[in-house]
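These notes are about the structure you will find just below.
The values are calculated or read from the model by the stated rules, or taken from the named source; none is laboratory data. Nothing here was measured: the structure is a model prediction, and the numbers come from that model. A quick note on method: Cβ atoms are made from the backbone with ideal geometry, for glycine too, and the neighbour counts reach across all protein chains shown. Side chains are part of the model used for accessible areas, which takes the heavy atoms of the whole protein and leaves out ligands, DNA and RNA. Shrake-Rupley method; radii C 1.70, N 1.55, O 1.52, S 1.80 Å.
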Amino acid sequence: MNDKEPEARFPEVATLLSQVGRELHRRGWALGTSGNFSAVITRDPLRVAITPTGIDKGTLSADQIVQIDGSGETVEDSHRPSYETRLHLMLFELLGANAVLHTHSVWSTLLSELQASEGGISMEGYEMLKGLRGVKTHQHLEWLPIIENSQDVVTLSESVKAQLIQNPDCHGFLLRGHGLYTWGQSLGEAKRHVEILEFLLEVMGRMYWIKGRGSDTVFSGDRLALTER
């Protein structure tokens, strides 16, 4: 991380975070007030830039971004930070990530319901997988866990932490009926992970539709592994 003081880095990080937020809205992955995004400003002391609650991501601006400390408290009077702040802080601590992005796309929402009984989604055989950190081949098998959503953010954070400890190599997870969470060592890497995973989720959703055309059993409950033929 940069050695600048938090106050010196915050405007720069807030500008970048707001730009990413508007871009994700433009792509249809964070419409209205949905989604939340964060990035580490400094590690010692821990300072984080995070989106506020209830803000339209299509008009997100740098002056709306909130600076919080390691306990989730705002550093100075400002907007109220995202309701899921505790979850972001847990991911920073557990994974050593420097950016966390949470989207609410149509495909992630649909597939998190359709594949919930399987506990996750298996992705394999696509060149796009090589855009994920550390992945060198299209033969990589990516497991995207699906976790039950909860309005109790403490309970939710504990559930997510348990799944990530069990699946340490995953690059993201889905909250059921909610959306995608992914992360990166930088904001740019986290954005790339969103693009890769949202692409693959859309491919899977369209495959479901194609498989089900002309059938009375569109969704048979069988696992659909995302494999290129």
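Would you work out which of Phe173, Thr137, Gln151 lies farthest towards the positive end of the dipole of segment 125-187, given +1 charges on the beta-carbon of Lys and Arg and -1 on that of Asp and Glu, about the Cα centre? So the residue furthest toward the plus end is Thr137. Based on DSSP loop calls and a cut-off of at most 14 other Cβ atoms within 10 Å, the longest stretch of the chain free of exposed GluC sites (Glu not before Pro) is what? Between the exposed loop sites, the longest stretch runs 149-227.
The charge dipole of segment 78-193, taken about the Cα centre with unit charges on the Cβ atoms of Lys, Arg (+1) and Asp, Glu (-1), comes to about 380 debye, rounded to the nearest 20. When you filter the chymotrypsin sites (Phe, Trp or Tyr not before Pro) in segment 1-90 for DSSP loop state and at most 14 other Cβ atoms inside 10 Å of their Cβ, you are left with Tyr83.
Can you compute the helix-only [θ] at 222 nm over the chain? Use -39500 (n - 2.57) per DSSP H run of at least 4 residues, normalise by all residues, nearest 500 deg cm²/dmol.
Calculated at 222 nm, the ellipticity per residue is -12000 deg cm²/dmol.
Loop-located trypsin sites (Lys or Arg not before Pro) in segment 63-157 (DSSP state other than H, G, I, E, B) with a sparse environment of at most 16 neighbouring Cβ atoms within 10 Å: Arg133, Lys136.
Given +1 at the Cβ of Lys and Arg, -1 at the Cβ of Asp and Glu and no other charges, the dipole of segment 117-174 around its Cα centre is 280 debye to the nearest 20.
With the biggest extent put first, the Cα atoms of segment 43-83 measure 32, 16, 15 Å across the principal axes.
What you get for the chain, charging only the Cβ of Lys and Arg (+1) and of Asp and Glu (-1), is a dipole of about 660 debye around the Cα centre. Between the helical axis of 187-212 and the longest alpha-carbon principal axis of the chain there is an angle of about 20 degrees.
Over the C-alpha trace of segment 23-171, radius of gyration and Dmax come out as 16.2, 49 angstrom. Proximity of backbone amide H atoms, modeled 1.01 Å from N, is registered between Gly120 and Ile146 at under 5 Å, excluding neighbours fewer than 5 places apart on the same chain. Relative to the dominant Cα principal axis of the chain, helix 6-26 is inclined by about 30°. What the phi angles of segment 160-173 give under the Karplus curve with 6.51, -1.76 and 1.60, with θ = phi - 60°, is a coupling list of 5, 4, 4, 5, 6, 5, 6, 10, x, 9, 6, 10, x, 7 Hz, glycine and proline written as x. On the chain, 48 percent of the accessible area sits on carbon and sulfur atoms, based on a 1.4 Å probe.
Note on the chain: GNM, Cα springs under 10 Å; of Pro11, Pro45, Pro145, the largest mean-square fluctuation is that of Pro45.
Computed on segment 45-201, with alpha-carbon pairs under 8 angstrom and 6+ residues apart, the relative contact order is 24 percent.
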